[in-house]
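Reviewing the structure listed below.
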Amino acid sequence: MPELSSEELQEIYTFAVQLGKDAGDLLMSFARARWSDNRYSVQAVVEKDSAVDIVTKADEDVEAFIKTSIEKRFPTHKFIGEETYSKGASRDYLIGDDPTWCIDPLDGTVNYTHLFPMFCVSIGFVLNGKPTIGVINAPFLNQRFSACKGQGAWLNETQRLPLVRNPIPPMPAQAPGGCVFSCEWGKDRKDRPDGNMHRKVESFVNMAAEVGGRGGRGGMVHGIRSLGSATLDLAYIAMGSFDIWWEGGCWEWDVSAGIAIVEEAGGLITTANPPEDYQHVPIEDVQLGSRLYLAIRPAGPSATETGRQTQERVVREVWYRVRNLDYNRPGV
């Protein structure tokens with residue numbers, strides 16, 4: 001698929017930013033209705049794969065609005081949205097080279113149903129299999145994150161990301177010590193020995209434990225945060241508020257917009273699962289659709305390392321402390 005011209009890409013970016021604003025306004029109107037006339041009450045929640053994998057009327061209405069808007073403006077572009085895709089018969093979809101919109105109309109649905117403000121609209125545009133444009137709007141927080149390849153990453157269209165820029169700090173020399181570690185419990189809650197939930201818990205404890213603890217795997221991170229939204233986890237990596245994000249089980253709509261924003265801000269995203277020779281293998285950018293993600297915030301140089309070297313050092317330190325997760329993609 002040939003690359004789009006800079007003018008075409010700018011047109012799509014401008015459209016995506018406005019669409020993110022409009023969709024966020026619509027989502028916020030549904031949230032306000034929750035505390036006024038209850039039209040979009042918690043009783044409207046429907047379970048999908050588990051009790052923590054749910055959909056509301058707001059999810060479906062916002063996705064329909066976004067899809068209709070895109071089809072009117074860019075009728076030749078492909079579209080994948082969480083709610084329409086989730087109703088399909090399989091999960092074997094992989095984004096190809098065609099211009100494709102990858103949408104999560106409401107990431108953080110559980111948060112939304114409880115009116116916890118960490119929920120958002122996620123709009124990603126993928127070209128040649130690569131996230132190229134990302135817009136994330138968290139309307140309850142009045143935070144909009146956006147990026148287009150080659151144009152930087154932005155908060156509310158005015159503040160360039162990461163927020164601390166003069167200079168951008170390197171990753172801490174003692175990392176993961178000194179870092180804020182972001183992670184999610186996920187939707188796989190099967191209480192089985194060595195299942196994903198147990199592996200995650202072991203990894204979380206390793207990252208949190210005192211230095212020298214856990215058989216030398218204690219990371220003594222500054223803190224562990226779980227927002228209930230992978231999309232916002234990535235936005236805060238781009239902002240520099242989180243240093244490390246580690247997660248498995250995400251679908252394309254969870255991460256497309258966030259990957260575009262993190263990479264444009266200068267962050268690194270690779271696989272969550274430590275390779276066998278994790279201390280020596282080259283660290284490659286993650287493949288969209290892998291369902292396994294490790295993100296490191298933008299970083300500047302130290303006295304002895306480039307910014308990228310500080311990021312890669314932290315990747316290897318995280319790999320040393322985490323377990324491999326099993327999120328195989330059906331049909332692949």
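What follows draws every value from the coordinates through simple rules; no lab data is involved. Everything quoted here is computed from the prediction, not taken from an experiment. As a convention, Cβ positions derive from the backbone with ideal geometry for all residues, glycine included, and neighbour counts pool all protein chains shown.
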Notebook entry, point to check: If one takes the longest principal axis of the Cα atoms in the chain, at what angle in degrees, from 0 to 90 and to the nearest 10, does the Cα axis of helix 252-265 lie?
Noted result: 60
Checklist line | 222 nm mean residue ellipticity, helices alone, for the chain (DSSP H n ≥ 4; -39,500 (n - 2.57); rounded to 500) | finding: -10500 deg cm²/dmol
Check: When the scattering of segment 146-188 is computed by the Debye formula from its Cα atoms alone, each counted once and equally, what is log10 I(q)/I(0) at q = 0.23, 0.26, 0.28, 0.29 Å⁻¹?
Finding: -0.90, -0.92, -0.95, -0.97
Item checked: If the convex hull is drawn through the Cα atoms of segment 180-321, its volume per residue in Å³ -> 116
Margin query: Which residue, Q311, L4, T132, has the largest displacement toward the positive end of the dipole of the chain when charges sit on each Cβ (Lys, Arg +1; Asp, Glu -1)?
Written below: Q311
Item checked: Residue-wise HN-Hα coupling along segment 6-13, computed from phi with Karplus coefficients 6.51, -1.76, 1.60 (Hz; x: Gly, Pro) -> 4, 5, 5, 5, 5, 4, 5, 4
Checklist line | Reachable lysines from K21, criterion Cα separation under 18 angstrom, eight or more residues apart if same chain | finding: K67, K72
Check: Want the number for D97 to T68: 0.36 nm per residue separation, take away the alpha-carbon distance, what's left?
Finding: 8.2 nm
Notebook entry, point to check: By how many degrees, between 0 and 90 and to the nearest 10, does the Cα long axis of helix 230-239 differ from the longest principal axis of the chain?
Noted result: 60
Notebook entry, point to check: Share of antiparallel DSSP beta bridges in the chain, in percent to the nearest 5?
Noted result: 80
Note to self: Under the 0.36 nm per residue contour assumption, what length would be gained going from the current alpha-carbon distance of Q174 and D277 to full extension?
What the structure shows: 34.9 nm
Item checked: Exposed-loop-free span, longest in the chain, where GluC sites (Glu not before Pro) count as exposed if DSSP calls them loop and at most 14 other C-beta atoms lie within 10 Å -> 4-156
Check: Taking segment 237-332 on its own, what percent of its Cα-Cα pair distances exceed 21 Å?
Finding: 30
Note to self: Using the Kirkwood formula on the Cα atoms of the chain, what hydrodynamic radius do you get, in angstrom to one decimal?
What the structure shows: 20.2
Note to self: Test of understanding: what is the full-extension gain from R165 to S302, defined as 0.36 nm times their sequence separation minus their Cα-Cα distance?
What the structure shows: 47.9 nm
